[in-house]
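These notes are about the structure you will find just below.
Just so you know, all these numbers are worked out from the coordinates, no wet-lab data involved. Keep in mind it's a predicted model, so treat the numbers as computed, not measured. Neighbour counts run over all protein chains shown; Cβ positions are idealised from the backbone, glycine included.
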Amino acid sequence: MENVSDNSLYTREKIRALNLSLSSPKEEARKEELENFRIDSAIKSLEILKTENVGIIADTGTGKTVISFIVILVHKSENKNNRTLFLVPRRSLARQHEKLFHKVEKEGVTQTAVFIGGVKKRRWHDKEKSIIFATPQMFMNDFYRGIADIEYFDEIVIDEFHHSQGNYSYVKIAELAKQYNKKIIGLTASPGDKEEKIEKLKKSSNISKLIRAEVKRPKKLQDVVFAETDETLLLIEQYFFKLFSAVEKRLEQNGIFLTKKREDLGQYSLSGELSILAKNIQYQLLKETELKDIEKTIEKMPKFEEKKWKALMWNVVYRKLKHAYAVCISESYFTFLSYVAKMKVDNTKASQKILASSVFQKIICLAETYKNEHPKILALIENARHLYRLKMRAIIFVGEKVTGEHIKEIMNKKVPISEVAFGGQKNMKKQLEAIEKLKNKELMFLISTSAIEEGLNVPEVDTVVHYSMPMMGISRIQRNGRTARVQTGNIVFIELNHPIDKSLFWITFRAEKNMNEILKKMNMTDSQKEIISESEITPDGKLVLKENFSAIENIYNLEPNKVKILSHTKLLNKKRKRKRCLETLDMFQEKKTLQVIQMNEETKNFPIETKTNCLQQLEKPKEILIKDKKKKQSIFSIICSFFKKIFKFQFFVN
């Protein structure tokens, strides 16, 4: 940034006079560069705030929170009564930001307060507290009670303002700030992947101008570890397809006809050996929009009509199966089994229908038998061993808490090298303790859900591992920001060779790329160009080692639009036929409920009370299956001949 005006020089001197600590000890090598970057960004923000509200876009770890502190303290130096409401999306962030603020302000003159759940005395009007760190939900709750008011503050900082959409409390607070003409400072690393979204976000946050604060950062080397689908997973998928097809048929029987015509899958048979499938069924799940259309159709049906309630129940069955399918394929068998245990406890009619299915029981049996042999789990453990040998600390992102606990249990069998960090009030203390352990190098791996994706002051790690694919481009950007702050970092995707993982990989990849292109198009970049190179994604999934960085620098200095990504097929462009299986019409008949898996709370294992004979059936040789088929045919022929004789006898008597 080039600010040569007298005003900017005066502001710079004023900031220097505040004697602030604008860099951490780890950033000592780049101390002058980073401090100048943060001061320059703050000066630009202060200029805009004279007439407009500002949104600061800066990558995770570059110090956008510190930039906002500089702005606050400059305003405080100009007006000692200046008060700031600093809003954060998570409770744990409020404590961390307060702690960081007192590190930035060396002298500690400014008094602060944290208003989150558990804090009983919340005096929003207390003028002695110049900065109040709070969640937007807490402020709005107290606002409706008449305890809090936006008039008590001169400026509002909205951290992670990309949340400012829909019914989120940020939107209402921004409206209040506009009514009372209060200044707004927005902070985010990822405003959106479409220009329309960014404009909509600006409007909902009451931000008129965005600035892109960029600084040179170390390289991020991206790598993909492919987990191949094995025979067990393919077989489980086939069983799920049968169940989905059966539910679709039930919906049609109750007056819910799908918008797109689906061809019948036809009957198929499994060979005697588990490793060979005589025929793979191709099926595509109903999308969320299609399921919502079904729900709208059900709502329009007359209340007294019996089909309405049956259709509603089958719609719930489909949704439950869809979630079970997703966690079984893309998370782990252990996660699937824990969901099965929950279904048994909830005791709803939809759950009972699913659990009573013999096909679903076969899925349970296979998942229990191969509980620790999910392809993604095996791929993760192999790469975790590699990282452990190299003494490279990592954050492993998962989609489900149960998956995280399962991975931790596997990793900590011999030595406690990993810990979990989940969101929520109950887990907040444990979360902060785990982050502190990682900071003190007491842990090698921190396993987390989306709880630490954004905002939290997490120490830099050598590697970010995406065990579960990020659901949105914003999540991908926030996760990746946890590495490559001071030194070169690695980003590893554990990708199952399956459309679920592949599609999410490419959707978020394009979203991230689109956002960077839009920000450049909107002319928000300054003269300091960010240097972030991505590695070629190798088919073998080998991690690029530290000692090899110098040897491959020429390979990784690629332009963002010329990054090569190998061994991927463009599955998103393929249109597969949607089909239904005829063989599954009686799959959900009312039958004797089978014994299901129960969770043992002490050991967290999933023993089966009465083991089904699905594996025995699957492991039968082909000749035995043929004999069984012939036996069934012979019994059928005997019955037919018996009835023929009876009819002939009656005819003869008459």
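Quick look at the numbers
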quantity: 16 Å cut-off, amide nitrogen to a point 7 angstrom out along LEU432 Cα→Cβ, residues in segment 85-102; calculated: 88-102
quantity: Residue-wise HN-Hα coupling along segment 383-389, computed from phi with Karplus coefficients 6.51, -1.76, 1.60 (Hz; x: Gly, Pro); calculated: 6, 5, 4, 4, 5, 5, 4
quantity: Gain on full stretching of the segment that runs from LYS307 to GLU13 - 0.36 nm per residue minus C-alpha separation; calculated: 98.3 nm
quantity: Above-threshold pairs, the threshold being 32 Å between Cα atoms, out of LYS216/LYS391; LYS220/LYS371; LYS44/LYS80; LYS99/LYS413; calculated: LYS220/LYS371; LYS99/LYS413
quantity: Computed over segment 6-212: relative contact order in percent, which uses C-alpha pairs under 8 Å that are six or more apart; calculated: 26
quantity: Distance (nanometres) between label positions extended 7 Å along Cα→Cβ at GLU228 and LYS80; calculated: 7.4
quantity: Pairs of alpha carbons in segment 74-131 whose separation is greater than 13 Å (percent); calculated: 64
quantity: Label-to-label distance, nm, for residues given as ASN36 and LYS391 (7 Å Cα→Cβ offset); calculated: 3.4
quantity: Using a Förster distance of 41 Å, the FRET efficiency for LYS441-GLU199 (Cβ separation, nearest 0.05); calculated: 0.40
quantity: Protection-proxy order for peptides 287-295, 479-487, each taking the mean of Cβ atoms within 10 Å per residue, highest first; calculated: 479-487, 287-295
quantity: At 1.306 mPa s and 10 °C, Stokes D of segment 471-514 from Kirkwood alpha-carbon radius, µm² per second; calculated: 140
quantity: ASN497 paired with LYS103, simple spin-label distance in nm, labels 7 Å along Cα-to-beta-carbon; calculated: 4.4
quantity: Cα coordinate range in segment 17-123, projected on the principal axes (Å, largest first); calculated: 43, 35, 27
quantity: Mean Cβ count within 10 Å, highest first, over the residues of peptides 233-239, 343-349; calculated: 233-239, 343-349
quantity: Cα radius of gyration and Dmax for segment 320-411 (Å); calculated: 15.2, 51
quantity: Radius ratio Rg over Rh of segment 63-175, counting only Cα atoms, Kirkwood formula for Rh; calculated: 0.93
quantity: Separation of alpha-carbon centers, segment 28-94 and segment 497-520, rounded to whole Å; calculated: 30
quantity: For segment 6-212, with +1 on Lys and Arg beta carbons and -1 on Asp and Glu, the positive-most of ILE72, ASN141, GLN165 along the dipole; calculated: ASN141
quantity: Whole-number Å³ per residue for the convex hull built on Cα positions in segment 362-442; calculated: 109
quantity: Among 107-118, 80-91, 166-177, the order from most to least packed when residues are scored by Cβ within 10 Å on average; calculated: 80-91, 166-177, 107-118
quantity: Cα convex hull volume per residue for segment 6-212 (Å³); calculated: 123
